[in-house]
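A.B. asks: Here it is, the structure, as structure tokens.
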Amino acid sequence: MNRLMTATALLLATTGLASAEGVLQLYNWGNYTSPELLEKFKAETGITVTVTDYDSNDVALAKIEAGGHGFDLVVPSANYVQIFTEKGLTTPLDLARLPNHANIAPEWRGVEWDPGRANSIPWQWGTVGVAVDTAIYGGDINTSAVWLEVPDELKGKINVVPEMTDIVTLATLYYGGQPCSEDLEVLKKVRDGLLAAKPNWIAMDYGATEKMSNKDWAASVNWNGSTMRIRQNLPTVAYGYPREGYTLWMDSVMLLKDAQNVDEAYAFMDFILKPENAAMISNFARYANGVSGSEAFMDPEMATAPEVVIPEEHKAAGVFMPVCSETSREYMTAIWTELQK
Amino acid sequence: MAERSFHVARLPGFATTAIIVFLALYLPIITLVVYSFNASTSLAVWGGFSLDWYAKAWANTQVKDATMRSLIIASFAALISTTVATMAALGTTRRRAFKGQTAIYVMINQPLMVPEIVTAVALMILFGLIKQATGIHGLGYLILAHSAFCIPFAYLPIRARLEGMDLTLETAAADLYATPWQTFRRVTLPLLAPGMIAGAMLAFVISLDDVVITEFVKSGGQDTLPTYMLGQLRRQLTPEINAISTMLLAVTVVLLTAFFLLTRKKD
């Protein structure tokens with residue numbers, strides 16, 4: 001008890017916790033940061049990184065907006081990068097302090113939500129497409145028709161993940177619209193299409209990794225990383241990139257305006273832009289990272305996986321979710337509510 | 001046996017209802033515990049018996065740190081809230097009824113009534129301002145927040161205990177020239193102790209389980225066990241979560257059993 005008291009007294013008294021020498025406060029998604037990466041960083045720089053978890057962009061944003069959080073770096077999703085920037089919660093990066101900034105792959109440098117990567121650097125990215133067991137359905141899988149106009153082989157065997165933005169956007173792209181559409185003509189088609197397709201779905205649920213591996217489901221709208229794990233269990237499963245358009249997501253590291261450990265934060269950002277270190281992030285969380293040359297250091301089964309490395313012919317169809325207007329969000333919610341009935 | 005008195009156990013469907021309720025309460029927990037011994041990485045597909053996930057959770061420094069932090073916060077929250085609750089209980093029961101008593105009850109029990117998320121956001125904003133102004137980011141904020149919402153849980157058993165104790169012994173002590181402090185120290189406190197221990201343990205468990213307020217109040221490097229588990233949600237959940245939950249459950253069961261043993265009637 002005495003030691004406990006002392007420990008706590010120390011903790012309570014720690015006023016300069018965040019500004020002490022050689023520490024860094026990283027605020028990241030849970031189970032997303034490789035412990036080996038942090039050990040290597042400490043061995044090279046002597047800086048101790050403390051990771052604190054969050055489980056949604058909204059919680060992270062709310063806490064940082066409230067101030068006094070003590071964090072230095074945060075890792076929001078693409079559409080939140082803009083929100084953090086516009087609210088002035090983060091600072092533009094001093095690129096002179098990031099020699100490895102040049103390692104960011106060209107396609108991840110020119111993103112519209114952070115042109116030239118002036119405010120954020122890549123952490124990990126992935127896609128939402130369709131996973132199909134080709135032993136059951138041998139037709140074309142690079143189309144959203146697989147789940148919107150379900151082929152007979154897949155009727156009653158296909159799942160759709162309950163992610164409103166991704167699903168409504170995939171359907172909007174399929175019916176010729178744009179993400180965050182406010183075009184009522186298109187949205188009507190989207191709603192009718194989704195409602196007509198739904199009776200052919202087995203479920204709207206998470207857990208495709210398990211349910212497809214044990215053949216409960218023959219197909220699912222799914223994330224790429226999860227699909228890779230399914231394929232490793234069941235080799236007949238393939239990942240389709242709908243040519244009408246599929247969604248891309250990326251989580252990026254940003255420097256907070258009230259960061260206490262700015263030097264350490266730059267050291268860390270430059271560190272993870274080195275290909276061998278970026279590969280450690282990918283090997284831990286099983287998604288690609290956006291740093292050129294990191295493939296060479298990734299686990300071999302990842303570096304060549306068609307789920308992780310988008311085949312050239314499918315690259316153009318990928319779409320980032322922009323920040324949608326209030327109106328378009330209302331439409332999206334209305335369609336989703338009707339679909340849930 | 002012309003007329004039997006009313007007894008709930010004789011109502012039709014009593015056994016069925018009881019069984020359904022018990023299943024609903026305990027089946028999920030049993031499933032969770034069983035799958036914590038799963039050898040596979042899946043939460044739902046059984047891959048044979050193993051203790052791997054316990055070993056993994058045990059070796060995970062983030063889990064270890066979070067556990068230590070949870071225990072420290074819960075110990076302090078229990079200590080502080082029980083002290084405050086004892087004073088409040090003495091103040092509200094050891095005297096004649098007074099004006100505004102109900103208002104005070106409501107105030108003390110406020111954390112039971114206000115939705116947790118409201119308290120959480122309010123505390124986040126207030127503490128955010130204080131943290132910015134002072135630059136102090138200790139565990140103190142979490143301890144303070146936990147102590148506050150644990151007070152009613154500590155208060156209720158203590159008050160119940162006090163209401164069962166009449167004033168005769170204290171009056172007798174005063175008659176025998178005991179000072180108020182001596183009366184309190186030698187008479188009231190020993191009689192009250194079981195209620196206080198029960199209150200402290202309840203507060204400890206409530207603090208240990210808290211997610212919402214902790215998630216909003218925590219600063220950098222202040223994950224507790226429940227917020228660490230919440231953070232895993234977006235990635236694939238593994239039976240490591242089951243193993244941690246089972247251990248947390250074991251601690252809770254031990255404390256609740258102790259609570260039960262201490263509060264049950266002596267006769």
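A.B. asks: Mind counting the residues in region A:65-77 that are modelled with pLDDT of 85 or more and touching a Phe, Trp or Tyr at 6+ places or on another chain (Cβ under 7 Å)?
C.D. replies: Qualifying residue count for the region: 6.
A.B. asks: Let me ask something else. From B:I206, B:I244, B:I151, which residue is within 14 Å of chain A (Cβ to nearest Cβ) and either assigned to a helix (DSSP H, G or I) or out of contact with any Ser or Thr (no Cβ under 8 Å at 6 or more places or on another chain) (or both)?
C.D. replies: Values: B:I206 fails: within 14 Å of chain A (Cβ to nearest Cβ); B:I151 fails: within 14 Å of chain A (Cβ to nearest Cβ).
Sole residue among the options that is within 14 Å of chain A (Cβ to nearest Cβ) and either assigned to a helix (DSSP H, G or I) or out of contact with any Ser or Thr (no Cβ under 8 Å at 6 or more places or on another chain) (or both): B:I244.
A.B. asks: Same structure, new question: Assuming B:Y26 fulfils every condition listed in (1) assigned to a loop (DSSP other than H, G, I, E, B); (2) without any contact (Cβ under 8 Å) to a residue 12 or more places away in the chain apart from one, which condition is it?
C.D. replies: Here B:Y26 meets the rest and fails (1).
A.B. asks: Are any of the residues in region A:181-188 within 19 Å of A:V130 (Cβ to Cβ) and under 26 Å from the mean Cα position of the chain (by Cα)? Show your work before the answer.
C.D. replies: Of the residues in region A:181-188, the ones within 19 Å of A:V130 (Cβ to Cβ) are none.
Looking through region A:181-188, none of the residues is within 19 Å of A:V130 (Cβ to Cβ) and under 26 Å from the mean Cα position of the chain (by Cα).
A.B. asks: Within region B:171-208, how many residues turn out to be loosely packed, with under 12 Cβ neighbours inside 10 Å and closer than 30 Å to B:D223 by Cα?
C.D. replies: Looking only at that region, the number is 0.
A.B. asks: Going through region B:1-44 one residue at a time, which ones are exposed (fewer than 10 other Cβ atoms within 10 Å of the Cβ), at pLDDT 90 or above and of a type in the set (F, W, Y)?
C.D. replies: If the condition is that a residue be exposed (fewer than 10 other Cβ atoms within 10 Å of the Cβ), at pLDDT 90 or above and of a type in the set (F, W, Y), then no residue fits.
A.B. asks: Looking only at region B:14-56, filter to residues that are of a type in the set (G, A, S) and over 24 Å from A:S213 (Cβ atoms); which one of those is nearest to the other protein chains (Cβ to nearest Cβ)? Show your work before the answer.
C.D. replies: At the first step, the residues of region B:14-56 found to be of a type in the set (G, A, S) are B:15, B:18, B:24, B:36, B:39-40, B:42, B:44, B:47-48, B:50, B:55.
If we keep only those that are over 24 Å from A:S213 (Cβ atoms) as well, we get B:15, B:18, B:24, B:55.
On the way: B:A15: 35, B:A18: 32, B:A24: 22, B:A55: 16 Å.
It comes out as B:A55.
A.B. asks: Which of the residues belonging to region B:240-267 are at pLDDT 85 or above, more than 15 Å from the chain's Cα centre (by Cα) and not charged (D, E, K, R)?
C.D. replies: B:I241, B:N242, B:A243, B:I244, B:S245, B:T246, B:M247
A.B. asks: Determine whether A:G138 is in contact with a helix residue (DSSP H, G or I) (Cβ under 9 Å, 6 or more places away or on another chain), surrounded by fewer than 16 Cβ atoms within 10 Å (Cβ to Cβ) and not in a helix (DSSP H, G or I). If you could, list the steps in order and put the result at the bottom.
C.D. replies: Numbers: in contact with a helix residue (DSSP H, G or I) (Cβ under 9 Å, 6 or more places away or on another chain): yes; surrounded by fewer than 16 Cβ atoms within 10 Å (Cβ to Cβ): yes; not in a helix (DSSP H, G or I): yes.
The answer is yes for A:G138.
A.B. asks: Could I ask something else about it? Looking at region B:136-148, which of its residues are more than 7 Å from chain A (Cβ to nearest Cβ) and crowded, with 20+ Cβ neighbours inside 10 Å? Spell out how you get there, then give the answer.
C.D. replies: First pass over region B:136-148, keeping only residues more than 7 Å from chain A (Cβ to nearest Cβ): B:141-148.
Hits for region B:136-148 are B:Y141, B:L142, B:I143, B:A145, B:H146, B:S147.
A.B. asks: Determine if region A:245-253 includes at least one residue that is part of a helix (DSSP H, G or I), touching a Leu at 6+ places or on another chain (Cβ under 6 Å) and either within 16 Å of A:P92 (Cα to Cα) or among the basic types (K, R) (or both). Give the steps one after another, and end with the answer.
C.D. replies: Applying the first criterion (part of a helix (DSSP H, G or I)) to region A:245-253 yields none.
Looking through region A:245-253, none of the residues is part of a helix (DSSP H, G or I), touching a Leu at 6+ places or on another chain (Cβ under 6 Å) and either within 16 Å of A:P92 (Cα to Cα) or among the basic types (K, R) (or both).
The values are calculated or read from the model by the stated rules, or taken from the named source; none is laboratory data. All values reported here derive from a predicted model rather than from experimental measurement. All Cβ positions, even for glycine, are placed from backbone atoms using ideal geometry, and neighbour counts span all protein chains on display.
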